Amino acid sequence: MENIEIAKTFDEVADLLEIQGANPFRVRAYRNAARTIGTLGTAVQSMLERDGKALEELPGIGADLAGKIVSLCRTGRLPLLAQLTRKIPESLVALLRIPGVGPKRAKLIYTKLGVKTLSQLEKAARAGRVSELRGMGPALERTILRGIEQDRTRSTRVPLAEAEAYIRPLVDILREMPEVEQLDVAGSFRRRSETVGDVDVVVASSDPAAVAGRFLSYPDVKQVLARGDTKCSVVLRSGLQVDLRIVPAASYGSALYYFTGSKAHNIAIRLLGVKRHLKINEYGVFRGRRQIGGRTEAEVFRAVGLPWIPPELREQRGEIEAARAGELPSLVEIGDIRGDLQMHTDATDGRNTLAEMVAACEARGYEYIAITDHTKAVRVAGGLTKAGFAKQSRAIDAIRQRASKLVVLKGAEVDILDDGSLDLDDEALFDLDVVVGSVHSRFNISKAEMTKRIVRALQHPKVHILGHPTGRLLGRREPYPLDMTEVVKAARDYGVLLEVNAQPDRLDLSDLHIRMAKQAGVKLVISTDAHRVQELDCMRYGVDQARRGWCEAMDVANTRHVAAFRKLIEK
Ligand code: DGT
Ligand code: CA
Ligand code: CA
Ligand code: ZN
């Protein structure tokens, strides 16, 4: 059992408990456990094999939850889940994906209308029966119908980080084989797309049968779609499809290049080859029948007169022209990042104390960080009042007394209220070093209203960063309607940084919006928005996203030294 499957099971338990109206603390406990397990660096299964008690030491996991994890790993089932689904159908959980339908409404819809599935909900909404329920109305009914439509067209793509978790153990096994000379994960995974359709693995080996055999016998394989000596395709238990290509070392570079894609990029490169009377495919670069290259990727690019192009750029968005002109960006790297400017502590909805977050950031070698807990409007997160921030400020002063190289900046993630005003008074704001302004409520307003709301917030002299600018949650919530051109313009005019939120289910801004901001001369900031120490490690997903947006280190504010960063955010 993979960590991520355990996490999903706990999330489902939390959903079902919530629909039943269970004690919110109990719901929270399962959600927190899901997050802990989902973001854990080591496999729970292997922890159990080594030391049965180690689980209980994880944050948010006591003896009771540890016992549940053990039985889940041993039997693949959780009795509690079965018990819950005896009372209410499991299919109701799908209703929660629809905007406007929370647990209370899902329960109401089920008990009053007998609706158990999305298609039944659609029927009921079309018949106008949903709007007749207490607290609902025609506007909500329309939102629900629109949500169901979007849910249907949404594909089964998997967030990159999730695919990474599923594929890592398999890749580790293959890499250990002496028959595997080289191995890379190619495709959209290597291009670091925010979601992947399937995972493409490329291997160099002179014994393809051995590699294919090991691949097909991997215990997590649920279904074999294709089996051949050089080409196999399987579906893992998680539902993720994995394609494997095995080639001789002399073709490895061209196979890696070819299966990295994107398709549009490949076609453009192949056409450049045709002009030079070259044939370029997954087996190599050929002049007539003679192979003239393909052992490395660089040889493929060299054959068409280009320098090697980083995979993140291979989307046929001008990278070939830039490469030809010698103007490829020198992309930002994880090692360039000197600070993390959004994170939460247990003063609000974070899991770790201020001291623990600080220590974890010191261990990661950062030069500076900002502690940015929520403000009071975010009630579910226990957002801080002015007094709460004053208390935190004293705690940070105490930490600053200790000799440490890490600069701890005082910050807040301040809610942008309905009218674009801020959820903290000016006096409190002016005591802070770094203010992230974010929208967490009232997503269902018009594009014009949302744009006005955000632009007004950016005008405030103490808003330095716009947090997760579009509010999307990959696969779960569409971005709120927003005129990004206007927001980018306002960010430039008022000297506000736009956040690239590195949480794997946010990655907000998107790659295209990042590039738009960069081209407008707006600086970005890559932040983890960590709610626990392990999440500090998701910085690399934000960096990948910024690379897809063509960012160099200079485009990213938190690659600067702390003094230069502070100067940059002065308005
Ligand atoms: P995905 O899986 O939907 O997230 O996206 P990719 O880019 O990983 O696409 P996939 O898995 O269908 O194929 C992997 C790569 O193989 C793709 O990026 C480029 C290459 N490829 C696939 N089909 C074609 C094709 O018809 N022509 C060319 N030139 N390349 C192709
Ligand atoms: Ca793929
Ligand atoms: Ca594929
Ligand atoms: Zn937030």
Taking a straight Cα-to-Cα line shorter than 19 Å from K279, and setting aside same-chain lysines fewer than 8 residues away, one finds K263
Per the rule of 0.36 nm per residue minus the C-alpha distance, extending I173 to F25 adds in nm 49.3 nm
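So, R0 is 41 Å and r is the distance between the beta-carbons of A82 and E149; what FRET efficiency does that work out to, to 0.05? Write down the numbers at each step before the final one.
Values: r = 33 Å, r/R0 = 0.79.
Step by step, r from the Cβ atoms, then E = 0.80.
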Straight-line reach check, K386, cutoff 14 Å on alpha carbons, 8 or more apart in-chain or any other chain, hits among aspartates and glutamates -> D373, E413, D415, D423, D425, D426, E427, D431
Log entry: pair-distance distribution for the stretch 148-191, C-alpha pairs binned every 10 Å from zero, whole % per bin is 22, 39, 25, 10, 5
Output ordering of 180-187, 418-425, 500-507, 169-176 (per-residue mean of other Cβ within 10 Å, highest first) is 500-507, 180-187, 418-425, 169-176
Heavy-atom accessible area per residue of the chain, all protein chains kept, 1.4 Å probe, expressed in Å², is 44
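With 29 Å as the limit, write out which pairs from K8/K53; K405/K489; K447/K571 have Cα-Cα distances beyond it, or answer none. Each step should come with its number before you reach the end.
Numbers: K8/K53 22 Å; K405/K489 36 Å; K447/K571 27 Å.
Result: K405/K489 exceed 29 Å.
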Counting Lys and Arg as +1 and Asp and Glu as -1 over every other residue whose Cβ sits under 13 Å from the Cβ of A398, the net charge comes to +4
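Less than 10 Å Cβ to Cβ from H468, Lys/Arg counted +1 and Asp/Glu -1: what total charge do the surrounding residues give?
Values: positive: R472, R506; negative: E413, E499, D508, D529.
Value of the local net charge: -2.
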Once the in-chain neighbours fewer than 8 apart are removed, the aspartates and glutamates whose Cα is under 18 Å from K231 read E179, E181, D184, D198, D200, D207, D243, E282
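Grab the eigenvalues of the alpha-carbon gyration tensor for the stretch 376-427, scale each by 5, take roots, and send me the semi-axes largest first in whole angstrom. Before the final figure, lay out the partial values.
Values: eigenvalues 136, 25, 19 Å².
For the stretch 376-427, the ellipsoid semi-axes come out as 26, 11, 10 Å.
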Hits in the stretch 168-204: amide N under 19 Å from the 7 Å Cα→Cβ extension of V235, namely 196-201
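Please sort 94-100, 560-566 by packing, taking for each peptide the average over its residues of neighbouring beta carbons within 10 angstrom, highest first.
Working: 94-100: 19.1, 560-566: 16.1.
Descending mean neighbour count gives 94-100, 560-566.
Multiply the residue separation of K222 and Q519 by 0.36 nm, subtract the distance between their alpha-carbon atoms, and state the gained length in nm to one decimal.
Extra length from K222 to Q519 when fully extended: 102.4 nm.
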Unit-weight point scatterers at every alpha-carbon of the stretch 111-232, Debye formula, q = 0.14, 0.23 1/Å: log10 I(q)/I(0) is -0.71, -1.29
Reported to the nearest 10 Å², S441 has, with a 1.4 Å probe, an accessible area equal to 40
Whole-percent carbon and sulfur contribution to the accessible surface of the chain (1.4 Å, no ligands, DNA or RNA) stands at 51
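Compute the signed sum of charges (Lys and Arg +1, Asp and Glu -1) over the other residues within less than 14 Å, Cβ to Cβ, of A377. Could you put the intermediate results ahead of the total?
On the way: positive: K376, R379, K386, R442, R453; negative: D349, D373, E413, D415, D418, D419, D423, D425.
That works out to -3.
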By the mean-Cβ-within-10 Å protection proxy, highest first, 529-541, 282-294 rank as 529-541, 282-294
Here the stretch 175-182 yields Karplus 3J(HN,Hα) values (6.51, -1.76, 1.60; θ = phi - 60°; whole Hz; Gly and Pro given as x) of 4, 6, 5, x, 6, 8, 7, 9
If R0 = 41 Å, then S46 and E327, at their Cβ-Cβ distance, give a FRET efficiency to the nearest 0.05 of 0.30
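For S404 and M554, calculate 0.36 nm times their separation in residues minus their Cα-Cα distance, and state this gained length in nm to one decimal.
Working: separation 150, 0.36 × 150 = 54.00 nm, distance 2.66 nm.
Additional length available on full extension: 51.3 nm.
The values are calculated or read from the model by the stated rules, or taken from the named source; none is laboratory data. The shown structure was predicted, so the numbers you read here are calculated from the model rather than taken from an experiment. No Cβ is skipped: glycine too gets one built from the backbone with ideal geometry, and neighbour counts run over all protein chains shown. Please note that ligands, DNA and RNA were not included when accessible areas were found on the heavy atoms of the full protein model with its side chains. Shrake-Rupley method; radii C 1.70, N 1.55, O 1.52, S 1.80 Å.
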